[in-house]
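The values are calculated or read from the model by the stated rules, or taken from the named source; none is laboratory data. Just so we're clear, the structure is a prediction, and the values are computed from it rather than from any experiment. Because the Cβ atoms are built from the backbone with ideal geometry, glycine has one as well, and the counts that use them run over all protein chains shown.
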Amino acid sequence: MHVSDIGVLSLVLALAFAFYTIITGILGARRRSPRLVESARRGVLAVAFFLITASLSLIVSFLIHDFGVAYVAHESNLAMPWYYTAAAFYGGQEGSLLYWGLMLSVFSAIFALTAKRAPAALVPYILVTLMCIETFFILMLLTVSSPFVRLPVAPADGIGLNPLLEDPGMLIHPPMLLMGYMSFSIPYAFAVAAMLSGKLNSDWLRSIRRWTLASWSIQTTGLVLGAWWAYHVLGWGGYWSWDPVENAALFPWLAATAFLHSTMVQERRGMLKVWNLFLIIAAFALSIFGTFEVRSGLISSVHSFAYSDIGGFFLAFLAIIVVFSTGLFIYRLPKMRPEQEFDSPVSREGAFLLNNLLLLGIIFATLWGTLFPLISQAFTHQTETVGPPFYNSVDGPLFLALILAMGLGPLLAWRRTSMRVLWRNLSVPALAAAACAIILPLFGVFNVWANVGFSVCAFTAGAVIYELWRGVRVRHKHGEAYHIALFTLIGRYRQRYGGYIVHLGLVALALGVIGSFFFQTQQDAVLKPGQTMSIVGYQFKYFGNYEETGSGTDTVKAILQVWSNGQYEGTVFPGRVFYQNFANQPVSLISITTYGLTDVYVYLADWTGASQATIRVFINPLVPLIWLGGLIMLIGGIICWWPEKRKRGTGAINRPLRAPQNTATREKREQAPAAPRVPILPAQQGDQEAIV
Amino acid sequence: MKKRSLLIVIAVIAIVAAVWSFAMWHNPPRETLDQRVQDVASQLICPVCQGESVASSPATIAQQMRAVIRQQLQAGQSEAQVIQYFKARYGPQIVWTPQWQGFDLMAWLVPIALLLVGVVILFYVLRSWRAAVPTRDPPAAPAPGDDADAGAINRAPTDDVYREQLERELAAEDPIFAPRRTTGMEAR
């Protein structure tokens with residue numbers, strides 16, 4: 001018996017338990033039997049256990065180099081270091097499906113373990129929905145796309161991972177992104193459960209929010225890491241090329257972003273019930289669409305590493321999801337009586353609606369562009385290509401408007417904002433934007449669009465920082481030092497200020513995008529030893545090439561000295577690596593050096609012998625801000641997500657969270673007519689007041 | 001007082017507008033030949049690469065194509081003519097972006113149209129929502145919240161108004177605490 005046989009066996013058992021969970025779950029919900037639901041809950045844990053076992057058996061097969069397994073022989077070889085060998089687990093199609101299924105089962109298990117927090121009536125339906133999705137993946141893994149298929153004769157060595165994938169990025173980007181795709185299943189399961197059970201009040205939304213925040217944070221990380229990887233490996237000086245597969249990963253992220261914002265409107269104002277259901281269904285359907293698109297090879301893409309016939313199954317699955325969800329949606333539509341009362345578009349909810357409109361606009365425009373080659377093929381029999389310039393000119397302004405709305409939102413109050421208050425709140429960020437617009441040309445930024453973009457960023461950053469500053473100042477006046485005030489402010493109202501931090505991160509990211517989009521400069525030169533090329537203040541002196549031989553690899557590197565305005569900055573070694581099994585696919589070693597906020601990106605385009613090289617240099621201003629922004633967004637997401645202490649906590653941490661709220665509500669009730677002077681007290685005082 | 005702040009607003013807007021229009025006129029974009037070559041090349045797909053434009057590809061054919069673009073631009077051809085030339089030679093797939101003509105127009109117009117439709121729908125939805133309100137809170141009458149707000153501002157310094165708003169929002173911010181808050185109220 002081979003290790004891989006354990007994998008097959010585990011998959012079969014996982015399938016059996018998934019079926020069991022579906023049946024007991026439905027029965028438990030129908031008969032309102034807590035014991036059956038409890039049994040279904042444990043069934044989910046069993047499914048997770050067997051999928052973990054299956055995944056472990058695949059990883060072990062990789063690590064012991066069991067080339068009798070076709071997938072292992074295809075994705076790994078003896079020369080690969082152990083960590084890439086283990087990462088090859090999700091390097092190909094079969095393994096990545098297993099990873100998807102694994103993560104789904106693990107997340108389902110986490111849900112099952114924390115099910116007490118979710119509305120009890122929804123739990124069985126959520127479990128059933130999750131296991132239905134899981135069943136699809138296990139069936140795929142057992143039939144058309146099994147990673148455990150054995151070869152009749154085991155080869156002595158395997159082929160190995162595509163060299164492009166043998167990169168540190170491989171260790172984190174694909175697992176994050178796939179996990180992100182997968183994690184939209186949980187909010188979707190909540191939505192389906194809410195519709196199935198008919199409990200369509202806001203309960204499901206509250207439980208869902210942290211799950212969606214987690215999905216969103218994971219997906220954000222996955223996307224930024226993908227951009228970072230592309231930037232460091234591909235050698236075209238950019239990080240995002242609007243490739244169909246990149247777009248596919250962006251769709252669920254955009255839908256989830258829209259959802260996270262519009263749920264706030266439902267929670268606060270009871271509006272947008274139908275819309276929120278639609279958004280969460282759309283996020284999940286789009287993530288399945290993304291998985292389908294990557295695998296079907298339907299639209300040509302740089303990422304199509306896994307052409308196969310399983311696209312059809314995914315399309316069928318997608319169709320089932322869409323038909324089922326839409327049917328359920330229409331069936332429940334009469335029950336979703338809106339209880340909205342909308343006062344004024346100049347309000348927080350108005351800003352959220354604008355945000356949703358823009359996000360949906362971006363999704364539609366991008367989806368349209370992605371599918372346009374197929375559409376034009378169908379109508380005119382000519383496959384048109386839709387490249388980055390299209391997306392830049394359509395999505396760019398929409399994103400800019402989104403950033404503007406992001407700055408406006410926090411300045412507006414719920415329900416309505418009077419012009420006076422609006423003006424008062426608006427003046428500081430507007431002045432920041434105006435100052436930015438006027439100052440930039442003095443620093444040589446003459447491009448109008450870049451100027452507009454930077455000014456909008458200044459507006460939004462100004463608005464967010466001003467908000468933070470005012471909160472901090474209020475606390476400071478009550479005797480807290482500034483830095484403590486900032487920390488308590490963020491620590492107490494994590495949702496609000498975590499969100500602001502995410503916004504700041506996005507502004508930083510936008511600055512990086514605008515900077516590199518408008519001010520990237522590029523130069524190619526064929527150099528002989530001793531020759532110099534120069535580009536916007538940087539000079540590169542070439543000294544020749546040298547070769548290195550490692551285990552299973554050959555490396556060519558060029559030697560270049562970097563000078564900045566006559567001052568020596570360092571020596572860089574851009575090169576190429578040849579892997580044994582992929583001799584015609586050399587991987588670039590790109591030299592990226594960061595000076596302040598500018599990246600100097602040196603790429604060895606071509607070379608002859610030891611004494612000639614074609615060097616391509618990009619000067620990419622502000623690109624480091626993109627990675628910084630991504631990091632800030634992740635931190636903000638985690639702050640939003642971070643669990644509040646529950647009752648079991650020491651109480652000291654628990655109570656202050658409520659204290660100011662209690663006082664505020666109380667004061668509001670009691671002395672509503674007068675302008676209440678509610679002090680935000682330091683924690684202990686607030687405590688006492690709440691207790692008194 | 002009010003007049004002065006209005007003047008400031010107008011002045012700031014005027015200065016910003018002046019700066020932007022100055023930048024627009026002062027610096028006509030894509031002036032040099034290099035930039036024009038880059039501009040045309042970035043609209044063409046490198047035929048032998050995957051997902052790279054002629055501008056960014058290091059492949060030999062892309063270099064040759066850039067040389068051809070340079071020659072033709074130097075010979076006085078317009079950018080559209082050069083693109084047309086490549087389209088005639090390599091087929092329509094060579095062009096990276098849909099052109100502003102024929103069926104390709106759909107690529108551009110549909111997203112714009114959808115966005116406009118979205119705006120219109122949003123407008124009508126908002127109107128119907130607002131129309132549903134009057135039973136509670138007639139919008140035609142001066143909104144009471146507005147007055148209260150304005151009054152509060154007149155009486156209290158900005159900080160207090162802001163703090164009040166902040167507290168009110170924070171209090172209602174987190175619905176996780178909402179049920180507990182009501183129980184707290186009941187307990188009292």
Residue list for region A:453-486, restricted to those being surrounded by fewer than 20 Cβ atoms within 10 Å (Cβ to Cβ) and either of a type in the set (V, I, T) or more than 26 Å from A:A510 (Cα to Cα) (or both) | A:I465, A:R473, A:H476, A:K477, A:H478, A:G479, A:A481, A:Y482, A:H483, A:I484
Mind listing whichever residues of region A:624-643 are in contact with a Ser or Thr (Cβ under 9 Å, 6 or more places away or on another chain), buried (at least 18 other Cβ atoms within 10 Å of the Cβ) and more than 22 Å from A:I592 (Cα to Cα)?
-> A:M633, A:L634, A:G636, A:G637, A:C640, A:W641
Regarding A:V144, is this residue at pLDDT below 90 and of a type in the set (V, I, T)?
-> yes
Candidate set from region B:54-73 (those that are in contact with a helix residue (DSSP H, G or I) (Cβ under 7 Å, 6 or more places away or on another chain) and surrounded by fewer than 22 Cβ atoms within 10 Å (Cβ to Cβ)); member that is nearest to A:A230 (Cα to Cα) | B:A55
Applying the selection to region A:404-439, what residues are surrounded by 20 or more Cβ atoms within 10 Å (Cβ to Cβ) and over 30 Å from B:R130 (Cβ atoms)?
-> A:A432, A:A433, A:A434, A:C436, A:A437
Does any residue of region A:480-500 turn out to be modelled with pLDDT of 90 or more, within 22 Å of A:N355 (Cβ to Cβ) and either over 27 Å from the mean Cα position of the chain (by Cα) or of a type in the set (V, I, T) (or both)?
-> no
Please specify each residue of region A:436-447 satisfying the condition of being facing chain B (nearest Cβ under 9 Å) and closer than 17 Å to B:I13 by Cβ.
-> A:A437, A:I438, A:L440, A:P441
Quick one: how many residues across region A:208-262 are under 9 Å from the mean Cα position of the chain (by Cα) and over 25 Å from A:G369 (Cα atoms)?
-> 3
With the checklist (1) at pLDDT below 90; (2) surrounded by 24 or more Cβ atoms within 10 Å (Cβ to Cβ) in hand, flag the one item A:G198 doesn't pass.
-> (2)
Every pair of residues 6+ apart whose Cβ atoms lie under 9 Å, when the first sits in region B:84-104 and is more than 8 Å from chain A (Cβ to nearest Cβ) and closer than 14 Å to A:F390 by Cβ while the second is among the basic types (K, R) and assigned to a helix (DSSP H, G or I) = B:Q99/B:K87
In the set A:L27, A:L78, A:L13, the lone residue that is within 22 Å of A:M140 (Cα to Cα) and either in a helix (DSSP H, G or I) or in contact with a His (Cβ under 8 Å, 6 or more places away or on another chain) (or both) is A:L13
Filter result (within 14 Å of chain B (Cβ to nearest Cβ) and either within 25 Å of A:A109 (Cβ to Cβ) or in a helix (DSSP H, G or I) (or both)) within region A:196-211 | A:D203, A:W204, A:L205, A:R206, A:S207, A:I208, A:R209, A:R210, A:W211
Does B:A141 qualify as being away from chain A (no Cβ under 11 Å) and modelled with pLDDT under 60?
-> yes
Take region A:395-432 and flag every residue that is within 23 Å of B:F22 (Cα to Cα), under 32 Å from the mean Cα position of the chain (by Cα) and within 8 Å of chain B (Cβ to nearest Cβ).
-> A:A430
Name the residue, out of A:L104, A:L58, that is surrounded by 22 or more Cβ atoms within 10 Å (Cβ to Cβ), of a type in the set (A, V, I, L, M, F, W, C) and touching a Pro at 6+ places or on another chain (Cβ under 6 Å).
-> A:L58
Single match in A:A87, A:A40 (criterion: more than 24 Å from A:G158 (Cβ to Cβ) and modelled with pLDDT under 95) = A:A40
Residue count for region B:81-102, restricted to those that are at pLDDT 80 or above and in contact with an Asp or Glu (Cβ under 9 Å, 6 or more places away or on another chain) | 1
Name every residue in region B:79-101 that is surrounded by fewer than 19 Cβ atoms within 10 Å (Cβ to Cβ) and in a helix (DSSP H, G or I), in order of residue number.
-> B:E79, B:A80, B:Q81, B:Q84, B:Y85, B:K87, B:A88, B:R89, B:Y90, B:P92, B:Q93
Please state which of the following conditions B:A67 fails to meet, knowing it meets all the rest: (1) in a loop (DSSP other than H, G, I, E, B); (2) more than 11 Å from every other protein chain (Cβ to nearest Cβ); (3) without any contact (Cβ under 8 Å) to a residue 12 or more places away in the chain.
-> (1)
Could you list all residues from region A:16-45 that are surrounded by 20 or more Cβ atoms within 10 Å (Cβ to Cβ) and hydrophobic (A, V, I, L, M, F, W, C)?
-> A:F17, A:A18, A:I22, A:A29, A:V37, A:A40, A:V44
What is the one condition in (1) part of a helix (DSSP H, G or I); (2) of a type in the set (D, E, K, R); (3) within 9 Å of another protein chain (Cβ to nearest Cβ) that A:E349 does not satisfy?
-> (3)
Residue tally, condition in contact with a strand residue (DSSP E or B) (Cβ under 9 Å, 6 or more places away or on another chain), more than 7 Å from every other protein chain (Cβ to nearest Cβ) and β-branched (V, I, T), over region A:362-394 | 0
Selection within region B:34-62 - at pLDDT below 80 and more than 17 Å from A:D606 (Cβ to Cβ) = B:D34, B:Q35, B:P47, B:Q50, B:G51
